[in-house]
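Below is one structure, written out as structure tokens, with a few remarks after it.
Coordinate-derived values only; no laboratory data. Keep in mind that what you see is a predicted model, and the values were worked out from it rather than measured. Cβ placement follows ideal geometry from the backbone for every residue including glycine, while neighbour counts extend to all protein chains displayed.
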Amino acid sequence: MSADETRKVFRFAPSPNGYLHLGHAYSALLDFDLARREGGRFLLRMEDIDKGRARPELEAAIYEDLAWLGVVWETPVRRQSEHSADYAAALDQLVALGLLYPCVCSRADIAGVSRERDLDGAPLYPGTCRGKGLARDGANLRLDMAKAAALVGGEVSWREHGKEIIAAPQQWGDVVLARKDIGTSYHIAVTVDDALQGVTDVVRGRDLYEATRLHRLLQELLGLPAPAYRHHALVLDGDGRKLAKSRASEPLRDLRAEGATPADVRAMLGLP
């Protein structure tokens, strides 16, 4: 095994549907610093599968902000919109295992009949379309969670901060793995990408902790390697809420325009 094959691989994977804010800066810098400290590699990936929201000018702004922070990444950058065949192949594997089924229920349909909540706080899908044999065209594809859990057998887990975490992915219910409008989902794309890019260490925000339960299940089902996981604390606003594009949290570009330096940003985030 070559020295390069034994190096750790870290990644930062933003979506170009808004400008980066301090929360993104924390995650990017943390991954970049860890890669340098470990003598590893640092990758940048664009999670742009949602073509209705991803915009070229926002992708360009991400490159500009990261370069300003002093982050250096390998090229070429993997853009998810260019790799739909990889995600389709993974979905076909799950179809062949009999684990996916078409669903035509809208969010309103589900909300009208479900009182339980999934790990994202959304109404838990009650399995309305399961077993109906609906046409795949024009439908979302859902994972038959009971079948999937039975297939892997035993408990799926991961280690974090020295502790074994039991994944218990059943809490997600029959999650959507392929949206009808984009042909895949975040869960499939990120799991496949991490494996194909040889990512060894996933360091990301605490808001994605629960998603790891599902990602570990998918890795087992697809025969993919499991990286080491670490979920860091979130950067919060003055009201104690996580920074978010949807709430128009102050972008890095505005801080830069106000005269902030990369050292100032590190100080704000408590990073050396």
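What to note about this one:
- Taking packing as the residue-averaged number of other Cβ atoms within 10 angstrom, the listed peptides 225-236, 112-123 run from highest to lowest as 225-236, 112-123.
- Annotation for region 205-272 versus region 62-116: alpha-carbon center distance of 18 Å.
- Amide H contacts of His232 (H built 1.01 Å from N, under 5 Å, at least 5 apart or other chain): Arg204, Gly205, Arg206
- Whole-number percent relative contact order across the chain, with pairs defined as alpha carbons under 8 Å at least 6 apart: 22
- Highest-MSF residue in the chain out of Ala35, Ala89, Ala25 [GNM, Cα springs under 10 Å]: Ala89
- Mean residue ellipticity at 222 nm, helices only, the chain: -10500 deg cm²/dmol; runs of at least 4 DSSP H residues each add -39,500 (n - 2.57), and the sum is divided by the number of residues.
- Helix 56-69 axis, angle to the chain major axis (alpha carbon atoms, nearest 10°): 50
- Taken one residue at a time, the phi angles of region 258-272 give Karplus couplings (6.51, -1.76, 1.60, θ = phi - 60°) of 7, x, 5, 10, x, 5, 4, 4, 4, 5, 4, 8, x, 9, x Hz. Gly and Pro are set to x.
- Centroid-to-centroid separation of region 1-48 and region 125-146 [C-alpha atoms, Å]: 35
- Over the C-alpha atoms of region 1-49, the Rg to Rh ratio, Rh being the Kirkwood estimate, stands at 1.07.
- Ranking Cys105, Gln93, Gly205 by Cα position along the charge dipole of region 92-235, where only Lys, Arg, Asp and Glu carry charges on their C-beta atoms, puts Cys105 farthest toward the positive end.
- Compared with the dominant principal axis of the Cα atoms in the chain, helix 84-96 is inclined by about 30°.
- Taking the chain as a whole, the Cys residues whose C-beta sits 4.7 Å or farther from every other Cys C-beta are Cys105.
- In Hz, Karplus ³J(HN,Hα) per residue of region 102-110 (6.51, -1.76, 1.60; θ = phi - 60°; x = Gly, Pro): x, 9, 10, 6, 8, 4, 5, 4, 5
- Cα convex hull of region 83-193, projected area averaged across orientations, nm²: 7.9
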